[in-house]
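The values are calculated or read from the model by the stated rules, or taken from the named source; none is laboratory data. What you see is a predicted model; the values in this text were computed from it and never measured. Cβ: placed from backbone, ideal geometry, glycine included. Neighbour counts: every protein chain shown. Accessible surface areas use protein heavy atoms only, side chains included; no ligands, DNA or RNA. Shrake-Rupley method; radii C 1.70, N 1.55, O 1.52, S 1.80 Å.
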Amino acid sequence: MTQLITTDLVELDQNLGNAPETVIRHLASKVAATGRASEVEGLFADAFAREQKTATGIPGGIAIPHCRSTAVTVPTLAMARLDPKVDFGAKDGPADLVFFIAAPDGADQEHLKLLSKLARSLIKKDFTAALRNASSQAEIVELVEGALADKPAAHAAAAPVDAVPVGASVGAAAGAGAAGSSASAGASAGNTATGSTPARPKRLVAVTACPTGIAHTYMAADSLVAAAKEMGVDLQVETQGSSGAKALDPAVIAAADAVIFAVDVDVRGKERFAGKPVINAPVKRGIDEPDKMVQEALAAAENPNAHRVPHFGAEEQAEHEAEEKGEHIGQKLKKALLTGVSYMIPFVAGGGLLIALGFLLGGYDITGVADKVVVQNNFGNLPEGGLAIYLGAVAFKIGALSMGFLVPALAGYIAYAIADRPGIAPGFVAGAVSGFMGAGFLGGIVGGLLAGYVAHLIGTWQVPRWLRGLMPVVIIPLLASIVASGLMFLVLGGPIAGLTTALNNWLSGMTGASAVVLGIILGLMMCFDLGGPVNKVAYAFAVAGLSAGSATNQAPWQIMATVMAAGMVPPLAMALATVLDKKLFSLAERENGKAAWLLGASFISEGAIPFAAADPLRVIPASMLGGALTGALTMAFNVTSQAPHGGIFVFFAIGNLLMFVVSIIAGTIVSALAVVGLKRWAVKKTVDTVEPVPVTV
């Protein structure tokens, strides 16, 4: 089997920057440099995306960034011992030991088991102490390989997670390496000898799972079992990870007093635990606070009003109640709207590009003949105008059909975010009604919210057990569709359609100063949080109106061009700034700057996030300044875009391409000069003289 770690993949006592992304990028570069990954950027993007879902810092000064990536060719470990430490989100402070686990997208089970084994070793104090005391890269490699080979020093406590035999007592489980204690074993034996029946100890079961299924899944399992063992509690864990999952025995589940779900993804086979008191938490809490989770599970077992795993059917909706208790209404609405937008965007991206391609091949007149051409013509019977007209009509029609799902998908997945699966059908129907009524994007939002909340309400009804199975597939979709779509037809659709028409007419009539003001506002929004909620609102506003654009009404296309151009500015500006004055940026930031050229040109605003995370008070205002200028210029020069994404690479879909480029260049220069100026003069000390300060949490 290929060696997972080599001395070339180890860094000792190095300064790799002050943010997780700089450390991850550096380690990704080492993996690529050893020929174990095909590219740095693809690996970094996958690893950093995983990091943003859940911080990978764990107690004890350790971080385990990890991912599966198509860029990885060989399963690999890269390790860094940092000086100074970097905060990876652990509650007890920053990390000095960082293991970067890079697995191929289709890694074999044996490699995945080894990677998971290493992750479990990192919660053992003797192993991490040896890593900190190691004096050479070769010693680190030897320690890691020893852990993977199950040497006793590294794996003295590795056994507890495996399920104990069904029916074993706490004392017997302890003897097999599971939860328990010698005292309880003695008590069990004594009671057996006398024939008395002791009070049964509490029994818990748990499921751990994280999106990647390599590290946190198994570390949480070990931590929970260790905490339960200290309390004398029998806890058995099912790890739903990449190296396979051994399901808990149904008899063990039936005997359990409560269940712990330490997961960041859906639990597979959750219906097996129906009716059990449950504690839900992210997988990282299973590592950070395992003792508290066990205590909470024990308390839930004694509480008749504790939240329980739902019986799947109508009661599935009740699961959301506990999760939403602490959420403000604004947070709930934001979460639902962003979910709808995120599911809507793929329809728009593909459809918009195909419509633009149709215009490129067949001209603007293709809109009037596309239906007839695609039905009546083929490659053996080309229409007047030849192959270009035929292919243009096909591309336009596919794009138009894709765009037709925009409002239904938006409404459907808003409802899904509120009511889960039973909300999807009524949401899609309400969105379709909105499109039919001419209520558009606004109607889709209203219809989706209505459908979601009605479906959620119906799902809370107490119904006979025989009816529960019909609730999510028949009763909830039927009643929620009637209520939500009925209200759209009878009450809300007309007024919203009128408002939408008035808004479209206002936007279409915007010229001169008013259009420039709109461009400034959109530019500021795009650069405010670099892919966050405000950025997404501006982007969703643009793509929602894209299908309404035409040769006679180009305002929606102008808004799309403004949003895309402004969103390109931050990463391009940061890239330019690293060239203008390298001394103001760390080595890692200068490396990020090289990648930001391509990210900015592709309209990926997130390319500026590493800079904003390290210095938000200078980077974000500078980015907003340039974005506002670019937004104003694109509106002033009537730049249009028929494509919703792609940046400069969809040049064929850009109207007035020269001024599109000029606007972006102007905003980029302004933002770059602004950030350089702020870094030079808006500080008391220069970057070179700032002393590193230990981070505390």
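Can you find a residue in the stretch 348-358 that is closer than 17 Å to residue 428 by Cβ, open to solvent by less than 60 Å² (accessible area, probe 1.4 Å) and either at pLDDT below 90 or more than 36 Å from the chain's Cα centre (by Cα) (or both)? Break it down stepwise before answering.
So the first thing to find is which residues in the stretch 348-358 are closer than 17 Å to residue 428 by Cβ, and the list is 348, 351.
Among the residues that remain, those that are also open to solvent by less than 60 Å² (accessible area, probe 1.4 Å) are: 348, 351.
Next cut, either at pLDDT below 90 or more than 36 Å from the chain's Cα centre (by Cα) (or both) only: 348, 351.
Yes, the conditions are met somewhere in the stretch 348-358.
Residues being more than 34 Å from the chain's Cα centre (by Cα) and free of Cβ contacts under 8 Å to residues at least 60 places away in the same chain: count how many of those fall in the stretch 466-486. Give the derivation first.
Taking the stretch 466-486 and keeping what is more than 34 Å from the chain's Cα centre (by Cα), we get 466-467, 486.
With free of Cβ contacts under 8 Å to residues at least 60 places away in the same chain added as a condition, the list becomes 466, 486.
Of the residues in the stretch 466-486, 2 are more than 34 Å from the chain's Cα centre (by Cα) and free of Cβ contacts under 8 Å to residues at least 60 places away in the same chain.
Six or more apart or on different chains, Cβ under 7 Å: which pairs go from a residue in the stretch 370-381 that's within 12 Å of residue 397 (Cβ to Cβ) to one that's modelled with pLDDT of 90 or more and among the aliphatic types (A, V, I, L, M)? Could you list them?
Partner pairs satisfying both residue conditions: 370/393; 373/389; 373/393; 374/393; 374/394.
Scan the stretch 513-537 residue by residue and report those that are in contact with a Gly (Cβ under 9 Å, 6 or more places away or on another chain) and surrounded by fewer than 23 Cβ atoms within 10 Å (Cβ to Cβ).
So the first thing to find is which residues in the stretch 513-537 are in contact with a Gly (Cβ under 9 Å, 6 or more places away or on another chain), and the list is 516, 518-528, 530-531, 535.
516, 518, 520, 521, 524, 528, 531, 535 - these are the residues of the stretch 513-537 that are in contact with a Gly (Cβ under 9 Å, 6 or more places away or on another chain) and surrounded by fewer than 23 Cβ atoms within 10 Å (Cβ to Cβ).
In contact with a helix residue (DSSP H, G or I) (Cβ under 9 Å, 6 or more places away or on another chain) and within 30 Å of residue 363 (Cα to Cα) - does that describe any residue in the stretch 410-419? Talk me through it step by step, then tell me what you get.
Step one: filter the stretch 410-419 for residues in contact with a helix residue (DSSP H, G or I) (Cβ under 9 Å, 6 or more places away or on another chain), giving 410-419.
Cutting the leftovers down to within 30 Å of residue 363 (Cα to Cα) gives us 410.
Yes, the stretch 410-419 contains a residue that is in contact with a helix residue (DSSP H, G or I) (Cβ under 9 Å, 6 or more places away or on another chain) and within 30 Å of residue 363 (Cα to Cα).
For the subset of the stretch 261-273 comprising residues that are at pLDDT below 85 and either open to solvent by less than 20 Å² (accessible area, probe 1.4 Å) or part of a loop (DSSP other than H, G, I, E, B) (or both), which member is nearest to residue 220 (Cα to Cα)?
Result: 264.
Restricting to the stretch 4-62, count the residues that are part of a helix (DSSP H, G or I), open to solvent by less than 40 Å² (accessible area, probe 1.4 Å) and among the polar types (S, T, N, Q).
Residues flagged as part of a helix (DSSP H, G or I), open to solvent by less than 40 Å² (accessible area, probe 1.4 Å) and among the polar types (S, T, N, Q) within the stretch 4-62 amount to 1.
Checking the structure you have, find out if any residue of the stretch 401-411 is more than 25 Å from residue 542 (Cα to Cα), open to solvent by less than 50 Å² (accessible area, probe 1.4 Å) and assigned to a helix (DSSP H, G or I). If you could, list the steps in order and put the result at the bottom.
Of the residues in the stretch 401-411, the ones more than 25 Å from residue 542 (Cα to Cα) are none.
Scanning the stretch 401-411, I find no residue that is more than 25 Å from residue 542 (Cα to Cα), open to solvent by less than 50 Å² (accessible area, probe 1.4 Å) and assigned to a helix (DSSP H, G or I), so the answer is no.
Residue 651: open to solvent by 20 Å² or more (accessible area, probe 1.4 Å) and under 22 Å from residue 355 (Cβ atoms), yes or no?
Working: open to solvent by 20 Å² or more (accessible area, probe 1.4 Å): yes; under 22 Å from residue 355 (Cβ atoms): yes.
For residue 651, the condition - open to solvent by 20 Å² or more (accessible area, probe 1.4 Å) and under 22 Å from residue 355 (Cβ atoms) - is met.
Which condition number in (1) of a type outside the set (Lys, Arg); (2) modelled with pLDDT under 80; (3) in a loop (DSSP other than H, G, I, E, B) is the one that residue 305 fails?
Among (1) of a type outside the set (Lys, Arg); (2) modelled with pLDDT under 80; (3) in a loop (DSSP other than H, G, I, E, B), residue 305 violates only (2).
State the number of residues belonging to the stretch 85-98 that are at pLDDT below 90 and either open to solvent by 10 Å² or more (accessible area, probe 1.4 Å) or assigned to a strand (DSSP E or B) (or both). Spell out the reasoning first.
Filtering the stretch 85-98 for residues at pLDDT below 90 gives 89-93.
Adding the requirement that they be either open to solvent by 10 Å² or more (accessible area, probe 1.4 Å) or assigned to a strand (DSSP E or B) (or both) leaves 89, 91-92.
Residues in the stretch 85-98 being at pLDDT below 90 and either open to solvent by 10 Å² or more (accessible area, probe 1.4 Å) or assigned to a strand (DSSP E or B) (or both): 3 in total.
Give the residues of the stretch 359-385 that are part of a loop (DSSP other than H, G, I, E, B) and either open to solvent by 30 Å² or more (accessible area, probe 1.4 Å) or among the acidic types (Asp, Glu) (or both), sorted by residue number.
Residues of the stretch 359-385 that are part of a loop (DSSP other than H, G, I, E, B), as a first pass: 363-365, 377, 379-380, 382-385.
Within the stretch 359-385, 364, 365, 379, 380, 382, 384, 385 qualify.
Within the stretch 386-400, can you find the residues that are open to solvent by 30 Å² or more (accessible area, probe 1.4 Å), farther than 28 Å from residue 427 by Cα, in contact with a Leu (Cβ under 7 Å, 6 or more places away or on another chain) and not small (Gly, Ala, Ser)?
Within the stretch 386-400, 391 is the sole residue that qualifies.
Is it the case that residue 534 is at pLDDT below 85 and out of contact with any Pro (no Cβ under 7 Å at 6 or more places or on another chain)?
On the way: at pLDDT below 85: yes; out of contact with any Pro (no Cβ under 7 Å at 6 or more places or on another chain): yes.
Yes, satisfied.
So if I check each of 458, 482, 496, which one is modelled with pLDDT of 85 or more, open to solvent by less than 70 Å² (accessible area, probe 1.4 Å) and over 17 Å from residue 418 (Cβ atoms)?
Working: 458 fails: over 17 Å from residue 418 (Cβ atoms); 482 fails: open to solvent by less than 70 Å² (accessible area, probe 1.4 Å).
Of the residues listed, the single one that is modelled with pLDDT of 85 or more, open to solvent by less than 70 Å² (accessible area, probe 1.4 Å) and over 17 Å from residue 418 (Cβ atoms) is 496.
Kindly indicate the residue of the stretch 99-128 that is of a type in the set (S, T, N, Q) and surrounded by fewer than 20 Cβ atoms within 10 Å (Cβ to Cβ) and also modelled with the highest pLDDT among those meeting that condition. Give the derivation first.
If we filter the stretch 99-128 for residues that are of a type in the set (S, T, N, Q), which is where we start, we get 109, 116, 121, 128.
From the residues that got through so far, the ones that are surrounded by fewer than 20 Cβ atoms within 10 Å (Cβ to Cβ) too are 109, 128.
Numbers: 109: 59, 128: 87.
Selected residue: 128.
Does the stretch 320-343 contain at least one residue that is among the aromatic types (Phe, Trp, Tyr), at pLDDT 70 or above and surrounded by fewer than 21 Cβ atoms within 10 Å (Cβ to Cβ)?
Within the stretch 320-343 (the criterion being among the aromatic types (Phe, Trp, Tyr), at pLDDT 70 or above and surrounded by fewer than 21 Cβ atoms within 10 Å (Cβ to Cβ)), the answer is yes, since at least one residue qualifies.
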